[in-house]
Structure formats: C-alpha cells, structure tokens
Amino acid sequence: MAFAGGLWHHPAMVGSRLRIQERFVSLQGEGMLVGVPSAFIRVAGCNLRCQWCDSPQTSWAPVGEMTAVDELVAWCARGPRHVVLTGGEPLLFPAMGQLSCALRANGHHVTFETAGTVWLEGAAADLMSLSPKLAHSTPHARDPEAAVKHETRRLQPEILRRLMANYPWQLKFVVRTSALELAADLREIESLLGELKVCPQDRGRVLLMPEGTRPELLSGAYESLVQTCIERGFRLGERLHIAIFGHRPGT
Ligand code: SF4
C-alpha cells in the first residue's frame, strides 16, 4: 500500500480501471446490513445470465464507463463508511480486489455482493454477501445457448465453501412464493446447505428473499415466507430499496 493525497492506494492499482455501470449512495436494501447508509459501486460484467436478472446492464448487455480505481477510492472517501462492491460479478475482476484492499485500508467497511462462483485472490471484505442462483434462474426460454453455460456455472459449492471459510458471510436466496415452487426452491437450498455443511446455529445467516420487483406485491410475498422461516430457522430477507423506491437504478 502507498499513501498519497491522504488516502491509501494499492500499488497494483496504479492505472487499473474498471467498467462501472453505476455508482451511488443509498441505504443497503438487502441482507443483514439492511438500512445502513452505503456507497454502491456496480461493475459491468457477469459470468451468469439469470432469466430475471435485475441489473441486465451488467450481464445480458453490459455497459459502463471505464473508471480509474484510484478515482473510485477518492469518491468513496467523500461518502459513507460502508461500501458495497456489486455487479454483475465483482469477483471476476482483479482490480476489484485492489479496490477492496485500498478501501479497507482507508477505514471503510467493504461488502462484496457475489453469486459465489469464482474465487478472487487478494480480495478484502468485511462481509461476503453470497447469492447462489437456484434452478429457476436458468434462462431456458430466453436463450437456450446461454442457459447451458449458466446451468454449468451457477452453483460452485467448492468456491462457496472457500469463500465462507475465508470471510464473514451471509447467504441470500431469491425464492418463488407459490407453494409448489417454494417447495422446489427449498429442496434445492437444503441440498446446497448440506453440501456446504452449514450448521444449525448458522441458519440465521441464510436469508430468503421473495422474487419480484413490484413493491405492491412485496408484503404478500413476505407473508408467504414467514412460516418457512420460523420452521427452518432462516431469516426473512427484506428488499427495502424496492419497498421505498420501486425498481429503479441508482437506489
Ligand atoms: S448473477 Fe446477478 S448480475 Fe449476473 S446475471 Fe445473475 S442476477 Fe444478473
């Protein structure tokens, strides 16, 4: 690390750039830090193609402005302590690792939001927010060729285990809420938790979030997950940003 202009910089990040789709300050809308003021940096580029991707500008049709990593560090220094590195898939990019180290050296709390399918050497995080994608994410109807690749990549238990062993973590699952579909999603979740050897006392770090981006449907969707969470010891995952702002970029 080098110290310049009052901020720590990772030596390897000099000249490093990332394609940034958007950056903004808001409240964390999901997970265990819901409600915490946070700066969000969303990188363009993803190795998955979820059917219902809520940020297609980072996956199906990536767009963004090439931005120097040191500019991102300086931008974060003017904002909240909590920084969320998201995407797309932030763990695909070595410069994200450099950015995360510099941010932590400057006193920020860093969350990576990731599907947990790739390992990034040198990433620094206070929270790995892991969101493994269930079978209903596969875009069979939308793009059969992409569906084949997505299906082979979407669950990587070895990588998830390694991330969980090396960082504080939470697991977030987007689930469907009709009885039959929820039962199928829960079977897949329980099977994965078994593979990951998640112990009973850690089930409170597993969040179920209802699918959908229509604020008016959220309260009914939450209600349909209450009994499941009570019975299985999962946490009900809020989607605060959708309840407050609707499904809008920059929130
Ligand atoms: S992993 Fe995230 S960014 Fe990538 S396609 Fe799925 S929802 Fe979109």
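The values are calculated or read from the model by the stated rules, or taken from the named source; none is laboratory data. Predicted, not measured: the structure shown is a model, and the values here were computed from it. Cβ coordinates were reconstructed from backbone atoms using ideal geometry, including for glycine residues, and neighbour counts include every protein chain displayed. Note: accessible area is taken over every heavy atom of the protein model, side chains too, but ligands, DNA and RNA are not part of it. Shrake-Rupley method; radii C 1.70, N 1.55, O 1.52, S 1.80 Å.
Quick rundown of the values:
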quantity	calculated
Surrounding net charge for GLY15, when Lys and Arg each add one and Asp and Glu each subtract one, Cβ distance under 14 Å	-1
Mean ellipticity per residue at 222 nm, deg cm²/dmol - from DSSP H runs of n ≥ 4 across the chain, formula -39500 (n - 2.57)	-10000 deg cm²/dmol
Percentage relative contact order, the chain, counting C-alpha pairs under 8 Å, at least six apart	18 percent
All-pairs Cα distance distribution in the range 43-167, expressed in whole percent, bin size 10 Å	13, 42, 32, 12, 1
Residue-normalised accessible area of the chain, expressed per residue, 1.4 Å probe, Å²	45 Å²
Carbon plus sulfur fraction of accessible area for the chain, probe 1.4 Å, in percent	54 percent
Added length on full extension, which subtracts the Cα-Cα distance from 0.36 nm per residue, ALA105 to ALA135	7.0 nm
Long-range Cα-Cα pairs in the range 108-251 (distance over 27 Å), rounded percent	24 percent
Volume per residue that the Cα convex hull of the chain spans, once the total is divided by residue count, Å³	120 Å³
For the range 12-91, the fraction of alpha-carbon pairs in successive 10 Å shells from zero, as %	19, 45, 32, 4
Along each principal axis, Cα extent of the range 175-245, largest first, Å	36, 24, 18
Accessible area (Å², 1.4 Å probe, nearest 10) - PHE245	70 Å²
Neighbourhood net charge (10 Å Cβ-Cβ; Lys/Arg +1, Asp/Glu -1) for TYR222	-1
